[in-house]
Amino acid sequence: MNLTIKVLIALGLGAIVGITLHYLSPNLFATLDNYLFGPLGEIFLNLVQMIIIPLIFFSLVLGVSSLGDPKKLGRIGIKTVTFFLVTTIFAITVGISLASIFRPGNVDVDTSKLSFSGETTNLKSNFLDLIPSNPIQAMAEGNILQVLIFSIFIGLAVALLGKKVEGLRNLMEQGNEIVMTLVNLIMRFAPYGAFGLLASSIGQMGLDGAGAMIFYMLVVILGLLLHAIVFYGAIIYFLGRMNPIKFYKDFLPAILIGFSTVSSVAALPVSLKMTEEKMGIPKQIGSFVQTLGATINMDGTAIMQGTATLFIAQVYGSNLTFFQLTMIVIVAVLASIGTTSVPYSGLIMLTMILSQVSLPVEGIALIIGIDRLLDMMRVSVNISGDAVCALVVSESEKRRQFKKTAQEREQIKLEGVKE
């Protein structure tokens, strides 16, 4: 039985056990969650987090340095960032549009009882924290974005120095081999971790949240499905030159890991493995694009934020102006650069968006109860977008190389005729 089937079975069992205990024996669930479900999930997450920093460092340094020519790195970097920006803008527009059409917040809710205590963030700090003043401290604290930036600089330096640092590059390759071996060992524990995570989450949440919250959840799910199936499907077919059904079939193990761990970074090891082995995407392109995307590409989160902002505005009876809607798009796109790919990070970023358009942060209390399930789904969309981008960039580079080779052959023929 392969990993995909094992994780699917574990997710199904986790959901069944969690929902059954939630309604039939809450006390038994509390005990099992404390001593079984919770520890299983935490052990798996800790194992994954243990290798995330070395994985990002080694894979991104190798990915950047393998590109060789800095011009090529710049070209691929521009393609990648442009893809992420365009798809994120499209995603949040989808969320806003669906919320405007279906208006899930047009219900009677006592807003005086809403409360939400959470950390707020600001746009300025996201950009000031991009460059690490102490890379070692960034690694120790698990500051993924700073480690990513530092790794890009190291990879670029290795690419520029070439043969002078060939020994260091060999050491990086060996380090990457060790990390990937650990990934394969840790993934054997994935089904047990997925079972514990989902049983704990479903057991706590139950089927609560009727009315407006369920309607809101359905609107977000619709947006995520449209984005993943229609928008990504078209990109995969027309730009990636691949059958979308084959793409999602090959990428399913990574989607399931992202769904169960609720983290783009946690799913990164499997994502890289699937795109390289199943789709034939060059390792250097996959490592660069998907590692970068795990930190700054948040299409699924953008859909949630667009829908959630309008939902909360509708609940409070606030009519947003065109300027405020535009601000939602701009702030959400820029803020995604500094959003950590961990559970509930989308809610933290949502507080910033709400404050930018003068909406009460307390409105988040309406959606926090059902956000865990939506978080699972939007992370799945996030990592799918990273893989789609890697596919598109890889195909673009292939076409560019083919065209360049054809031009060189034509030039040789012309030179031969002249002689």
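Each row is one residue, and each column tells you yes or no for (1) modelled with pLDDT of 70 or more; (2) not in a loop (DSSP other than H, G, I, E, B).
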site	(1), (2)
LEU60	yes, yes
ILE92	yes, yes
PHE116	no, no
THR121	no, no
ILE131	yes, no
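Which numbered condition trips up ALA212, out of (1) more than 18 Å from the chain's Cα centre (by Cα); (2) at pLDDT 80 or above?
(2)
Would you mind stating whether GLY41 is crowded, with 20+ Cβ neighbours inside 10 Å and farther than 30 Å from VAL333 by Cβ?
So GLY41 passes the test.
Mind checking which pairs have a first residue in region 272-299 that is within 20 Å of GLY346 (Cβ to Cβ) and a second that is of a type in the set (Lys, Arg) and part of a helix (DSSP H, G or I), Cβ under 9 Å, 6 or more apart or different chains?
Qualifying pairs under 9 Å: MET298/ARG378; ASP299/ARG378.
Conditions (1) at pLDDT 75 or above; (2) aliphatic (A, V, I, L, M); (3) surrounded by 24 or more Cβ atoms within 10 Å (Cβ to Cβ); (4) not in a loop (DSSP other than H, G, I, E, B), marked per residue:
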site	(1), (2), (3), (4)
GLU362	no, no, no, yes
ILE368	no, yes, no, no
ARG372	no, no, no, yes
ASP375	yes, no, no, yes
ARG378	yes, no, yes, yes
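Identify all residues within region 212-256 that are among the small types (Gly, Ala, Ser) and in a helix (DSSP H, G or I); write none if there are none.
Listed by number, the residues that qualify are ALA212, GLY223, ALA228, GLY233, ALA234, ALA254.
Is one or more of the residues making up region 70-83 surrounded by fewer than 18 Cβ atoms within 10 Å (Cβ to Cβ), at pLDDT 90 or above, of a type outside the set (Ser, Thr, Tyr) and within 19 Å of the chain's Cα centre (by Cα)?
Within region 70-83 (the criterion being surrounded by fewer than 18 Cβ atoms within 10 Å (Cβ to Cβ), at pLDDT 90 or above, of a type outside the set (Ser, Thr, Tyr) and within 19 Å of the chain's Cα centre (by Cα)), the answer is yes, since at least one residue qualifies.
Which condition number does VAL219 fail, the rest of (1) within 30 Å of GLU42 (Cβ to Cβ); (2) in contact with a Leu (Cβ under 6 Å, 6 or more places away or on another chain) being met?
(1)
Any idea which residue in region 160-202 is surrounded by the most Cβ atoms within 10 Å (Cβ to Cβ), counting only those that are among the hydrophobic types (A, V, I, L, M, F, W, C) and touching a Gly at 6+ places or on another chain (Cβ under 6 Å)?
Going through the qualifying residues, I end up with ALA199.
Of these, LEU45, LEU8, which one is at pLDDT below 85 and either within 13 Å of TYR192 (Cβ to Cβ) or in contact with a strand residue (DSSP E or B) (Cβ under 8 Å, 6 or more places away or on another chain) (or both)?
Residue meeting the stated conditions: LEU45.
The values are calculated or read from the model by the stated rules, or taken from the named source; none is laboratory data. Because the structure is a prediction, the values reported are computed rather than measured. Every residue, glycine among them, receives a Cβ derived from its backbone with ideal geometry; neighbour counts consider all protein chains shown.
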